[in-house]
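First the structure, in the form of structure tokens, and then the observations on it.
Just so you know, all these numbers are worked out from the coordinates, no wet-lab data involved. Note that the coordinates shown come from a computational prediction; the quantities given were computed from them, not determined experimentally. Here the Cβ positions follow ideal geometry from the backbone for every residue, glycine too, while neighbour counts run over all protein chains shown.
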Amino acid sequence: MNHPWQARKANAFTLAEALVASAILVASITAVSLPFTTAAHNQLAEARRTVAVALAQELMEEILSKPFADPNGASAPGPETGETTRALFDNLDDYDGFAESEGQITGLDGQIVSTPAAAGLSRSATVSYVYLGGQSTASPASFVRVTVAIRFRDQPEVSLTRLVYDLK
């Protein structure tokens, strides 16, 4: 003879079965969603790298558009007195030590770059004179090495280096 509680027991899940089913469901959801979250992360990283390369190229082209020699005859890396902004830089070596922190990168139009992929990026430039072997450092350098670096949260992201020859 079957009691009514025995019949219900045969048709119902036990707590252990429900927990096992829940664990299987969680594992399945994790396995299915992992490729999507990884793809979204990779897409953001590639968008950031694309923006970083564009920002590095933009600054490099700006620097390379300036004359090799200072019109005033100065030859020390870094901006001269009175050259307080990028708009006032008048030759290549003025960009030595130039830096823009996260959220402060400006384009050629003077506007802060606000694309989401630029979040966390910073930009800097170094310019150094390069002398040939046997060339006296008392004479003007024949080359300048220009490096533009883009960092993402203080980690290197992109770096461009150009060696520029003085055509005088």
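Normalised by the residues of the chain, what does the relative contact order come to in percent, with Cα pairs under 8 Å and at least six apart? Relative contact order here is 18 percent. Residue-wise HN-Hα couplings along region 101-118, as the Karplus relation 6.51 cos²θ - 1.76 cosθ + 1.60 with θ = phi - 60° gives them from phi, are 7, 3, x, 10, 6, 10, x, 4, 7, x, 8, 5, 5, 10, 4, x, 5, 8 Hz; Gly and Pro carry x.
When the Gaussian network model of the chain links Cα atoms closer than 10 Å, the mean-square fluctuations of Glu157, Glu17, Glu62 top out at Glu17.
Per-residue 3J(HN,Hα) values for region 51-62, derived from phi via the Karplus relation 6.51 cos²θ - 1.76 cosθ + 1.60 with θ = phi - 60°, read 5, 4, 4, 4, 5, 5, 5, 4, 5, 4, 5, 4 Hz in sequence order (x marks Gly and Pro). Cβ under 13 Å from Ser65's Cβ, Ser65 left aside: what net charge do those residues give with Lys, Arg +1 and Asp, Glu -1? Residues near Ser65 contribute -2 overall.
Extension gain for the segment Glu62 to Ala119, taken as residue separation times 0.36 nm less the Cα-Cα distance, is 18.3 nm to one decimal. Based on the Cβ-Cβ distance from Arg153 to Ala12, what FRET efficiency comes out when R0 is 45 Å, to the nearest 0.05? The value I calculate is 0.25. Please report how far the C-alpha centroid of region 128-168 lies from that of region 51-125, rounded to the nearest whole angstrom. Between the Cα centres of region 128-168 and region 51-125 lies a distance of 14 Å.
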